[in-house]
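What follows is calculated from the coordinates using simple rules that are stated; it is not laboratory data. All of these numbers come straight from a predicted model, not from anything done at the bench. Cβ atoms come from the backbone with ideal geometry, glycine included; neighbour counts cover every protein chain shown.
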Amino acid sequence: MGTTITWKRPDGKEASGYFVAAGRAKAPSVVVIQEWWGLQDQIKGIADRFALAGYNVIAPDLYSGVVVPYHDHESAGKQMGSLNFLDAVDQSVRGAAQFLQGFGSKTAITGFCMGGAVSILAACRLSEFACAIPFYGLPPEAVAKAADVKIPLQGHFANTDDWCTPALVNKFEADMKAAGKTFELYRYDAEHGFVNEQRQSAHDREETELAWERTLAFLKKHIG
């Protein structure tokens, strides 16, 4: 449904990713950030689904073409560990948002797993986004605190997550409340990665559809 495009980063370098147009003038836009597996077909499918809902979408390729098989946790960890997160946010993601601003409407960011953490970083660092929707991902507090979040945020987290644990989520929620931030936070009786239908061991269709309904309602409220 979409295509690979390139865009200019603020530093003048090029970034690339998967782009899908909404098919209508001045539609709002969404940036979708990959899991630690890379720009998998499943993430492209999420982008397609947002486009069908009426949004222009870019899913940046933060691993420059590397896609890790779902079973290879070691390689996924190495790829994520070698990613310069601040460069990815301040350059590749910001460049994607600026490209989408050319359509004339507001832009949101969402992400999954590693991408959830990236979307929160963007919510703290970038003025180009109107709202953020992280899924089961949190950045280290040393890099971004709840008090640093500058835009409305809707978080989706799993109750049996051994990476983005309930304890971390509880602290993030408490810190967001203490800082007086505008946010919604939802917990699901599911595992980490429950939105990814290509990983049948973790996927939960019912919880995914509930999260999707909440996501679209939040987007409608904040970007149209």
Assuming 0.36 nm per residue, please report the length gained on full extension of the stretch I5 to Q200 beyond their Cα-Cα distance. 67.2 nm
Go through (1) 12; (2) 19; (3) 24 and flag the label whose value is the computed percent of Cα pairs over 31 Å apart for this structure. (1)
Test of understanding: in a Gaussian network model of the chain with alpha carbons linked when under 10 Å, which of S105, S201, S16 would top the mean-square fluctuation ranking? S201
Likely footprinting exposure, H222, H156, H73, fewest C-beta neighbours within 10 Å first: H73, H222, H156
If I build a Gaussian network model for the chain, linking alpha-carbon pairs within less than 10 angstrom, which residue out of K26, K78, K181 has the largest mean-square fluctuation? K78
Amide N proximity, region 57-71 versus V143 label position 7 Å along Cα-to-Cβ, cut-off under 14 Å: 62-63
For region 48-150, shape from the Cα gyration tensor axes a ≥ b ≥ c, cut at a/c of 1.5 then a/b versus b/c, turns out oblate
Extension gain from Q101 to Y186, taking 0.36 nm per residue of separation minus the Cα-Cα distance: 27.7 nm
Could you put L185, L153 in order, starting from the residue whose Cβ has the fewest other Cβ atoms within 10 Å? L185, L153
Can you compute the modelled spin-label distance between D175 and A21, with each label point 7 Å from Cα toward Cβ, in nm? 4.1
In a Gaussian network model over the chain where Cα atoms closer than 10 Å are linked, find which of V68, V169, V149 has the largest mean-square fluctuation. V68
Work out which helices of the chain, taken as complete DSSP H runs, extend at least 15 Å along their axis over the Cα atoms and score a mean Kyte-Doolittle of 0.5 or more, then list them. 114-125
Candidate lysines for bridging to K145, where Cα separation is under 22 Å - those fewer than 8 sequence places away on the same chain excluded: K171, K177, K181
